[in-house]
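Below is one structure; the comments refer to it alone.
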Amino acid sequence: MMKYKGYTGEVVYDNEARLFHGDVIGTKAVITFQGKTVDELEQAFKDSVDTYIEWCKKRDVEPEKSFSGNLHIRISSKEHERLAQEALERNMSLNSFIVEKLTTGNR
């Protein structure tokens, strides 16, 4: 994994092409990069992120951030109700309750 300006890049090595290539993860935008050496790869990652940010700026669009902190999930209505009831019994918001369960491993 690579990090730059709040973006995360995931890298794989293509043995046949003898090339590293990567994608910025956690965004809907398709941001890719590649390089033959680690130095090339790191620079290409930074250049791709900077190009994406500049592209957004020119179009007056807010750039997406990797892992914004918003997580949208789908669960059954019964499970939703059960979690909401459990949160209510603990005098917590549903969001706080789920965050606590996820971060403490208390499932």
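The values are calculated or read from the model by the stated rules, or taken from the named source; none is laboratory data. The shown structure was predicted, so the numbers you read here are calculated from the model rather than taken from an experiment. In this analysis, Cβ positions are derived from the backbone assuming ideal geometry, glycine residues included, and neighbour counts consider all displayed protein chains.
Just to be sure I understand the filter: pairs with C-beta atoms under 8 Å, separated by 6 or more residues or on different chains, first member in the range 67-82 and surrounded by 11 or more Cβ atoms within 10 Å (Cβ to Cβ), second member modelled with pLDDT under 90. Which pairs pass?
Taking only residues 6 or more apart or on different chains, the pairs are Phe67/Gly26.
If I filter the range 88-96 for residues that are over 18 Å from Thr27 (Cβ atoms) and assigned by TED's automatic domain parsing to the domain that holds Phe20, do I get at least one hit?
Taking every residue of the range 88-96 in turn, none turns out to be over 18 Å from Thr27 (Cβ atoms) and assigned by TED's automatic domain parsing to the domain that holds Phe20.
Within the range 1-12, identify whether any single residue is free of Cβ contacts under 8 Å to residues at least 60 places away in the same chain, surrounded by 12 or more Cβ atoms within 10 Å (Cβ to Cβ), over 27 Å from His72 (Cα atoms) and aromatic (Phe, Trp, Tyr), and answer yes or no.
no
Could you say whether any residue in the range 23-34 is at positive phi, of a type outside the set (D, E, K, R) and touching a Ser or Thr at 6+ places or on another chain (Cβ under 7 Å)?
yes
Modelled with pLDDT under 95, of a type in the set (A, V, I, L, M) and not in a strand (DSSP E or B) - does that describe any residue in the range 64-74?
Within the range 64-74, one or more residues are modelled with pLDDT under 95, of a type in the set (A, V, I, L, M) and not in a strand (DSSP E or B).
Please find, among Val24, Val30, the residue that is closer than 22 Å to Glu64 by Cβ and crowded, with 17+ Cβ neighbours inside 10 Å.
Criteria check complete, one pass: Val24.
Residue by residue, here is whether (1) more than 14 Å from the chain's Cα centre (by Cα); (2) of a type outside the set (S, T, N, Q) holds:
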site	(1), (2)
Thr27	no, no
Val30	no, yes
Phe33	yes, yes
Tyr52	yes, yes
Trp55	yes, yes
Arg59	yes, yes
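With respect to Ser48, is the statement that it is of a type outside the set (A, V, I, L, M, F, W, C), touching a strand residue (DSSP E or B) at 6+ places or on another chain (Cβ under 6 Å), touching a residue at least 24 places away in the same chain (Cβ under 8 Å) and in a loop (DSSP other than H, G, I, E, B) true?
The answer is no for Ser48.
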